[in-house]
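Working notes for the structure below.
Readers should treat all values here as calculations from the given coordinates under stated rules, not as data from a laboratory. None of the values given here were measured: they were computed from a predicted structure. We place every Cβ from the backbone using ideal geometry, glycine too, and count neighbours over all the protein chains shown.
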Amino acid sequence: GSDILSVEQFDRSDIEHIFQVADAMAPYALRRRVTRVLEGAILGNMFFEPSTRTRISFGCAFNLLGGEVRETTGFESSAIAKGESLYDTARVLSGFSDVICMRHPQEGSVAEFAAASRVPVLNGGDGANEHPSQALLDLYTIRKELASKDRGIDGLRIALIGDLKYGRTVHSLCKLLRHFKNVQVTLVSPAELAMPENIVEEMRSVGHNVVVTEDLTQSISNVDIAYSTRIQEERFASKEEADMYRGRFRLNQSIYTQYCEPNTVIMHPLPRDSRADANELDNDLNQNPNLAIFRQADNGVLVRMALFALVLDVVDQVDKCARDVNW
Ligand code: CP
């Protein structure tokens, strides 16, 4: 089928093809043109965990291709609260949707749902496991940010900072990076929140130079990208346990100026925790032109449009169903 459940399903040529299709979506995302290619199609957006950008940008991407969106958010607003299984939910919803996006707190739950679905299912995040569309938009952003410096993803130097144990976006991103050459990955986390060993080993097995450290300032001193993540409080046994790590690896403008090479790009999948004791990317970075966090979110619409066009096999039809707009 054409589900998107894990980045493991993509090789380098798939990734490059997705990025080419995403590039071609720019006139639609920028409202210079409209396309009706998915007119009459319905996206079922099933989000059983909080989400702002993944849910809304999947929905906007589908709308921008001309389709309609129906959604449910949280367990309490779905019949799962009455004991309905994922199997029954998938059988029912796939009867009146053309594609489904789903986020769920349990690892493997989206794959279980997809196995019962009659239409393609896209993983919007399954517990601490994977977040494929986020990793694709992150890599797409890295590609774009480095292209302006005449660089590609091969030879990338990146520091991944924060909760690398529960952060599903960095799990998926590391898996994608295996397809590129000579990547230097510095993993910065408390030992208790380290990147799962199998993901580290898989990167080393393709020859990547992987350094594991707890030293933030040294790790950000020689990288192209400093990618920060939030402590995934919802995955911890208690808030108190999460609080032990909160604010451990704060990056602010003064640290950036003192330690980073000029033009080091700062990324974060968002949401960043803006509570005063937590802010892993300080608000004083907001005027820093190398802060790419909102460009990441913008790029998410392009990448998700590409994923829908590919999964529903309409890439060649997008421009044929389009016209210019002027508003
Ligand atoms: N990056 C991301 O997954 O954000 P949301 O939780 O808002 O969807």
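Can you say what percent of the DSSP beta bridges in the stretch 1-156, counting only those with both residues inside, are antiparallel? Round to 5.
5 percent
Given only helices, namely DSSP H runs of n ≥ 4 each adding -39500 (n - 2.57), what is the per-residue ellipticity at 222 nm of the chain, to the nearest 500 deg cm²/dmol?
Rounded to the nearest 500, the figure is -10000 deg cm²/dmol.
So what are the stretch 1-119's ellipsoid semi-axes, whole angstrom, largest first, if each one is the square root of 5 times an eigenvalue of the alpha-carbon gyration tensor?
26, 18, 13
Calculate, for D243 and N286, the FRET efficiency according to 1/(1 + (r/R0)^6) with r their C-beta to C-beta distance and R0 25 Å; round to the nearest 0.05. Show your work: numbers first, answer last.
Details: r = 25 Å, r/R0 = 1.01.
E between D243 and N286, to the nearest 0.05, is 0.50.
Want the number for A111 to S148: 0.36 nm per residue separation, take away the alpha-carbon distance, what's left?
Result for the pair: 9.6 nm of gain on full extension.
Distance in nm between label sites at R204 and D23, each 7 Å beyond Cα in the beta-carbon direction?
3.6 nm
For K181 and E39, what does the FRET efficiency come to when R0 = 41 Å and r is the distance between their Cβ atoms, rounded to the nearest 0.05?
On the way: r = 42 Å, r/R0 = 1.02.
For R0 = 41 Å, the calculated efficiency reads 0.45.
So what's the angle, to the nearest 10 degrees on a 0 to 90 scale, between helix 293-311 and the longest Cα principal axis of the chain?
With rounding to tens, the tilt is 40 degrees.
If I model the chain as equal point scatterers sitting on the Cα atoms and use the Debye formula, what is log10 I(q)/I(0) at q = 0.06, 0.15 Å⁻¹?
Values returned for q = 0.06, 0.15 Å⁻¹ are -0.20, -1.27.
Show me, bin by bin at 10 Å from 0, the whole-percent P(r) of the stretch 197-327 based on Cα pairs.
10, 28, 30, 20, 11, 1
If you put +1 on each Lys and Arg Cβ and -1 on each Asp and Glu Cβ, how big is the dipole of the chain around its Cα centre, in Debye rounded to 20?
840 debye
Please compute the contact order of the chain in relative form: average sequence separation of alpha-carbon pairs under 8 Å and at least six residues apart, divided by the residue count, as a percent.
21 percent
Show me the chymotrypsin sites (Phe, Trp or Tyr not before Pro) within the stretch 94-145 that DSSP assigns to loop and that have at most 15 other Cβ atoms within 10 Å of their Cβ.
Passing sites in the stretch 94-145 are F96.
Amide H of G124 versus every other amide H placed in the peptide plane: which residues, excluding those fewer than 5 positions away on the same chain, fall under 5 Å?
Those qualifying (amide H under 5 Å, at least 5 residues apart or on another chain) are M102, R103.
Lysine pairs in the chain with alpha-carbon atoms under 29 Å apart, 8 or more places apart or on different chains: how many are there?
Going through the chain pair by pair, I get 10.
Using Cβ counts within 10 Å as a stand-in for footprinting exposure, how do S274, S117 rank, fewest first?
Ascending Cβ contact count within 10 Å gives the list S274, S117.
Mind listing the Cα extents of the stretch 132-292 along all three principal axes, in Å, largest one first?
42, 37, 29
Once the Cβ-Cβ distance between S254 and Q218 is put in as r, and R0 is 25 Å, what FRET efficiency do you end up with, to the nearest 0.05?
Efficiency computed from Cβ-Cβ geometry: 0.95.
Test of understanding: ordering F48, F308 by Cβ neighbours within 10 Å, fewest first, what list do you get?
Lowest to highest Cβ neighbour count: F48, F308.
Would you mind calculating the gained length between Y87 and R235 on full extension (0.36 nm times residue separation, minus the Cα-Cα distance), in nm to one decimal? Don't skip to the answer; put the middle values down first.
On the way: separation 148, 0.36 × 148 = 53.28 nm, distance 2.43 nm.
Going from the current span to full extension adds 50.8 nm.
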